[in-house]
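The values are calculated or read from the model by the stated rules, or taken from the named source; none is laboratory data. Just so it is clear, the model here is predicted, and its values are computed rather than measured. Using ideal geometry, Cβ is built from the backbone for each residue, glycine included, and neighbour counts are taken over all protein chains shown.
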Amino acid sequence: MIRTLPNTRSYTLGFKLYVALFFVFLFAPLLITCVLAFNDSQFPALPWKGFTLEWFVADLPDRVGIFNDSVNLSAIGVSFKVAFWVSILSTIVGTCGAFLFEQESFRFKQALYFLMLAPLVVPGVILGISILLFANTLGMFFENTFNLDVPLFRPGFWLVVLGQFSFISTLVTLVVSARLKKFDRSLEEAALNLGATRLQVIWHITLKFLRPAIIGAGAVAFLMSFENFNTTLFLVGSQSTLPITLYLQVRDGSTPVINAISFLLIVGTSMLALINLSFSRKKE
């Protein structure tokens, strides 16, 4: 829509209708899920049978709320721990990668950049299967050659962390690189001329300029790790993450406790996004 050109009334109404339908399509499922979290029914669907908070706090024989559901609480805890380590590793490595690819030129730069982007192109299912087969191959090699059982090469917590880290770190690199491209290199040169060391320049000038992008990228990495399903499905062990646990419950049939969990996640992620946006604007 070009605002400088005159538009007919029908075109304007059509454009507004399109925008309205787009946002209805986008948010209606989320709104319905949030409403059904308070539905006094044994099924996570309509019809509406009254308002209740039991799917959050109940501890009854036929109805267990999320705050008393040990299985889902354990899965939430595992997802938080996985997301924490993935976001830390991805932020550190992704920031270093942004510095690397912003260098003027070095050997094999384009080839390395292409390899860095490869995990984003490969489907998550293929990536998860590939990492699982690679880890199993290394595990068998160490066991047959050195008679060593390496827990890292078995499906479990740390293999999930490494699997998610393999592609989330690329997104962090892209976010930080976009911010780094706007950096004025003359600030570094001025600091060096005034006697600052290279480490002091990076810590007090460059990283301070990149702080909003680094924090934002870390938040995105945390959220992407928390909700990841495709790659995690093939790497998870006895400790399931929340998306895997919810998938198994939906497949086998569940109660509106799933809606209660979804409600808490929607509210939590929305608050995190608003805090991150507010922080970024304040820094700008």
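Quick notes on this one:
- Tabulated pairs, the range 143-165, first closer than 16 Å to Phe229 by Cα and in contact (Cβ under 8 Å) with a residue 60 or more places away in the chain, second of a type in the set (Ser, Thr, Tyr) and assigned to a helix (DSSP H, G or I), C-beta under 6 angstrom, 6+ apart or interchain: Val160/Thr232; Gly163/Thr231; Gln164/Ser225; Phe165/Ser90
- Selection within the range 168-212 - farther than 18 Å from Gln103 by Cα, aliphatic (A, V, I, L, M) and at pLDDT 90 or above: Ile168, Leu171
- Within the range 212-248, the set of residues being outside any helix (DSSP H, G or I) and surrounded by fewer than 19 Cβ atoms within 10 Å (Cβ to Cβ) comprises Phe229, Gly237, Ser238, Gln239.
Yes or no, residue by residue, for (1) surrounded by 13 or more Cβ atoms within 10 Å (Cβ to Cβ); (2) in contact with a Gly (Cβ under 9 Å, 6 or more places away or on another chain); (3) touching a residue at least 60 places away in the same chain (Cβ under 8 Å):
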{"position": "Glu104", "(1), (2), (3)": "no, no, no"}
{"position": "Arg107", "(1), (2), (3)": "no, no, no"}
{"position": "Ala111", "(1), (2), (3)": "no, no, no"}
{"position": "Leu115", "(1), (2), (3)": "no, no, no"}
{"position": "Val121", "(1), (2), (3)": "no, no, no"}
{"position": "Gly124", "(1), (2), (3)": "yes, no, yes"}
{"position": "Leu127", "(1), (2), (3)": "yes, yes, yes"}
{"position": "Ile131", "(1), (2), (3)": "yes, yes, yes"}
{"position": "Leu138", "(1), (2), (3)": "yes, no, no"}
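- A single member of Phe51, Phe43 is farther than 23 Å from Ser270 by Cα, out of contact with any Gly (no Cβ under 8 Å at 6 or more places or on another chain) and surrounded by 11 or more Cβ atoms within 10 Å (Cβ to Cβ), and it is Phe43.
Listed here are the residues, each with its yes/no results for (1) touching a helix residue (DSSP H, G or I) at 6+ places or on another chain (Cβ under 9 Å); (2) modelled with pLDDT of 90 or more; (3) on the phi > 0 side of the Ramachandran plot.
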site	(1), (2), (3)
Val64	yes, no, no
Leu73	yes, yes, no
Lys81	yes, yes, no
Trp85	yes, yes, no
Ile88	yes, yes, no
Leu100	yes, no, no
Arg107	no, no, no
Tyr113	yes, no, no
Val121	no, no, no
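- Counting only helices (runs of 4 or more DSSP H) wholly contained in the range 66-156, the ones carrying 3 or more residues that are farther than 26 Å from Ile214 by Cα occupy 70-101, 124-146.
- Of the residues contained in the range 21-32, none is found to be farther than 30 Å from Val172 by Cα, at pLDDT 85 or above and exposed (fewer than 10 other Cβ atoms within 10 Å of the Cβ).
- Conditions (1) under 17 Å from the mean Cα position of the chain (by Cα); (2) under 18 Å from Asp69 (Cα atoms); (3) assigned to a helix (DSSP H, G or I); (4) touching a residue at least 40 places away in the same chain (Cβ under 8 Å); number of the one not met by Leu265: (4)
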